[in-house]
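Read the structure below first, then the notes.
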Amino acid sequence: MRARLRRWHVWLGWLIFIPMLLWTVSGVVMVLKPIEEVRGEGLMSVPPPLRLAGPVVPPQVEGVPLKSLALQPRAAGPRWIVTLEDGSTRLADPARGALLPRLSAADAVREVMARYTGTEKVAAVTRTDRDRPPLDLRRPVETWQVSMTDGTHFYVDAGSGEVVARRTGWWRFYDFMWGLHIMDPGGREDTHNPLIIGFGLAALISTLLAIILLPLVTRRRRKGGFPTVE
């Protein structure tokens, strides 16, 4: 029985070698930098205070099913943020109440640069699809991806003008390591997938076998014998 348990322990050790290595390496990578630096929290200043030059006119949304309505500062001044029941957003002018067109690429760059605190330049601006968002966004939002020369991506909601995400190059590497850590490198969100459950159970069984074998090996060594793996 002791020899059989040793064989199981050895074979399970070979089986879990790769996932254990991935868990260890990815875990080390994810603690190398402070999470605030990974998220790029210092790359954008806080929005400016809301200042109104005159009376506020409600947005012209009669008959439109609304979810919420809020006044927020934007690069061009205060704007109504109209959120519809389906989650989509629109901007409206608080001085006239008129709905405004959806953001252009230039508008998205203006929103980013109005609060950007770094020294990099804009390298590219790309429209993203609500139904097929980029992997580093993973949110069903129609946005403009503003890419900087250092590889940082800012995502600006095409309807509301809000910067909904900032993704540094380190964030994307961190995200890849997270995908390896949870054994879901494709979607990077499923922490309940069969791979991680299976390898986790294998690691648990291997550990339990080691706990069982340790006193047996110690006892045998005290008697003068030295166990061999069969």
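The values are calculated or read from the model by the stated rules, or taken from the named source; none is laboratory data. Only a predicted model underlies this, so the values are computations on that prediction, with no experimental measurement involved. When we count neighbours, we look across all protein chains shown, and the Cβ atoms used for this are built from the backbone with ideal geometry, even at glycine. Side chains included, ligands, DNA and RNA excluded: accessible areas come from the protein's heavy atoms. Shrake-Rupley method; radii C 1.70, N 1.55, O 1.52, S 1.80 Å.
Computed across the chain, the Kirkwood hydrodynamic radius from all distinct Cα-Cα pairs reaches 21.9 Å. The calculated FRET efficiency for ALA3 paired with THR24, based on their beta-carbon distance and R0 = 41 Å, is about 0.90. Pick from ALA165, ALA114, ALA76: which is most flexible by mean-square fluctuation in a GNM of the chain where alpha carbon atoms under 10 Å apart are linked? Of ALA165, ALA114, ALA76, the most mobile in the Gaussian network model is ALA76.
Spacing of the modelled spin labels on ARG139 and GLU36, each 7 Å from Cα toward Cβ, amounts to 2.1 nm. When the chain is treated as a GNM with alpha-carbon contacts under 10 Å, the residue of ALA210, ALA98, ALA158 showing the greatest mean-square fluctuation is ALA210.
Express the relative contact order of region 69-217 as a whole percentage, based on alpha carbon pairs under 8 Å and six or more residues apart in sequence.
14
Each of GLU189 and TRP14 was given a label point 7 Å from its Cα along the Cα-to-Cβ line. The distance between the two points is 3.9 nm. Distant-in-sequence amide contacts of THR152, defined by a placed amide H-H separation under 5 Å and a gap of 5 or more residues or a different chain, comprise GLY169. Taken along the Cα-to-beta-carbon direction at a fixed 7 Å, the label points for LEU208 and THR117 span 5.1 nm. Applied to region 3-16, the Karplus parametrisation 6.51 cos²θ - 1.76 cosθ + 1.60 on θ = phi - 60° returns per-residue 3J(HN,Hα) values of 5, 5, 4, 5, 4, 4, 5, 5, 5, 5, x, 5, 5, 8 Hz, with x for Gly and Pro. Were the residues from ALA70 through ASP129 laid out at 0.36 nm apart, the gain over their Cα-Cα distance would be 18.7 nm. Using the Cβ-Cβ distance between THR83 and SER45 with R0 set to 30 Å, the FRET efficiency works out to roughly 0.80. The alpha-carbon positions of region 45-175 define a convex hull whose volume is 110 Å³ per residue. The string of couplings for region 34-45 from the Karplus curve (6.51, -1.76, 1.60, θ = phi - 60°) is x, 4, 5, 6, 4, 6, x, 5, x, 7, 9, 7 Hz, one whole number per residue in order, with x for Gly and Pro.
Kindly sort LEU103, LEU71 by accessible area of their heavy atoms, largest first, with the probe set to 1.4 Å. Write down the numbers at each step before the final one.
Values: LEU103 15, LEU71 50 Å².
Sorted by accessible area, descending: LEU71, LEU103.
Between PHE176 and ALA106, what FRET efficiency follows from the Cβ-Cβ distance if R0 is 30 Å, with the result rounded to 0.05? For R0 = 30 Å, the calculated efficiency reads 0.40.
When the accessible area of the chain is computed with all protein chains present and a 1.4 Å probe, what percentage of it is carbon and sulfur? Please list the in-between numbers first.
On the way: 8420 of 13680 Å².
About 62 percent, which is the carbon plus sulfur part of the accessible surface.
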